[in-house]
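Structure first, commentary second.
Each reported figure results from applying straightforward, stated rules to the coordinates on display, with no laboratory input. Keep in mind that what you see is a predicted model, and the values were worked out from it rather than measured. Every residue, glycine as well, gets a Cβ built from its backbone with ideal geometry; the counts of neighbours run over all protein chains shown.
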Amino acid sequence: GESVGLHLPTLSVQEGDNSIINCAYSNSASDYFIWYKQESGKGPQFIIDIRSNMDKRQGQRVTVLLNKTVKHLSLQIAATQPGDSAVYFCAELAGSYQLTFGKGTKLSVIP
Amino acid sequence: DSGVTQTPKHLITATGQRVTLRCSPRSGDLSVYWYQQSLDQGLQFLIQYYNGEERAKGNILERFSAQQFPDLHSELNLSSLELGDSALYFCASGENSPLHFGNGTRLTVT
């Protein structure tokens, strides 16, 4: 069952290509950012995070870039695989206890 | 598997009714967060509990309430349900970010 909105931005990539998913955040006081992946019928799953004192962080096949000047966050997925198909959310935290989530981007991987 | 357990998985009920959603946090986590995910609003923070006490409140309607019990499980109570309350309700736990989410309860109000 579909779990997220019908009007999400969609990114279609060929299997094996790199994917870049972008996110603009709103609060200049945000100091911690997270990318989540949500597959159909499941809850958001943590992928990678970054603190505001960094501008780049790498994980396994994923890289997060943070540009505080323009309040922009991106998630790069290397060698995209069919299992990467999901909705991706960025979330920001500004010193409080609640994460604020972006609207999400749907990634479709073409085999 | 995030370690966060939510029940039931699906719930169908009529307008005006009341339902209770249940969440068990990951072992060792004292905090529980509730989020609502609807088609047009994305993930919205509702409320947070820490070790039995309310810690933060978000966009939670007065018809909704929550509590956290001594064994740290939490319940979200939704009353006087309206069609617009149909959504996915997620529970998350974690002392510090990142939060770990359960697989949600899909509520359908008819």
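Residue-level analysis places A:Ala91 among those that are part of a strand (DSSP E or B) and of a type in the set (A, V, I, L, M).
Yes or no: B:Gly16 in contact with a strand residue (DSSP E or B) (Cβ under 8 Å, 6 or more places away or on another chain), away from chain A (no Cβ under 11 Å), surrounded by fewer than 16 Cβ atoms within 10 Å (Cβ to Cβ) and of a type outside the set (Asp, Glu)? Taking the combined requirement at face value, the residue does not satisfy it.
Report, by residue number, each residue of the stretch A:73-88 that is assigned to a loop (DSSP other than H, G, I, E, B) and closer than 11 Å to A:Leu11 by Cβ.
We begin by selecting, within the stretch A:73-88, every residue assigned to a loop (DSSP other than H, G, I, E, B); these are A:78-81, A:85.
Within the stretch A:73-88, A:Thr80, A:Ser85 qualify.
Hey, any hits in the stretch A:70-78 for a residue that's among the hydroxyl-bearing types (Ser, Thr, Tyr), surrounded by fewer than 20 Cβ atoms within 10 Å (Cβ to Cβ) and in contact (Cβ under 8 Å) with a residue 40 or more places away in the chain? Looking for residues that are among the hydroxyl-bearing types (Ser, Thr, Tyr), surrounded by fewer than 20 Cβ atoms within 10 Å (Cβ to Cβ) and in contact (Cβ under 8 Å) with a residue 40 or more places away in the chain, one finds at least one in the stretch A:70-78, hence yes.
The C-beta contact set for the stretch A:30-45 (first residue more than 23 Å from B:Gln6 (Cα to Cα) and more than 9 Å from chain B (Cβ to nearest Cβ), second residue assigned to a strand (DSSP E or B) and not hydrophobic (A, V, I, L, M, F, W, C), distance under 7 angstrom, 6+ apart or interchain) comprises A:Ser30/A:Glu92; A:Asp31/A:Arg51; A:Phe33/A:Asp49; A:Phe33/A:Glu92.
Kindly state which strands (runs of 3 or more DSSP E) lie completely within the stretch B:66-110 and contain at least 1 residues that are within 14 Å of chain A (Cβ to nearest Cβ) and of a type outside the set (Lys, Arg). Explain how you work it out, then say what you get.
Working: elements: B:74-78, B:87-93, B:105-109.
The qualifying strands (runs of 3 or more DSSP E) are B:87-93, B:105-109.
Within the stretch B:44-60, can one find any residue that is farther than 24 Å from A:Glu92 by Cα and buried (at least 19 other Cβ atoms within 10 Å of the Cβ)? Checked the stretch B:44-60: no residue is farther than 24 Å from A:Glu92 by Cα and buried (at least 19 other Cβ atoms within 10 Å of the Cβ).
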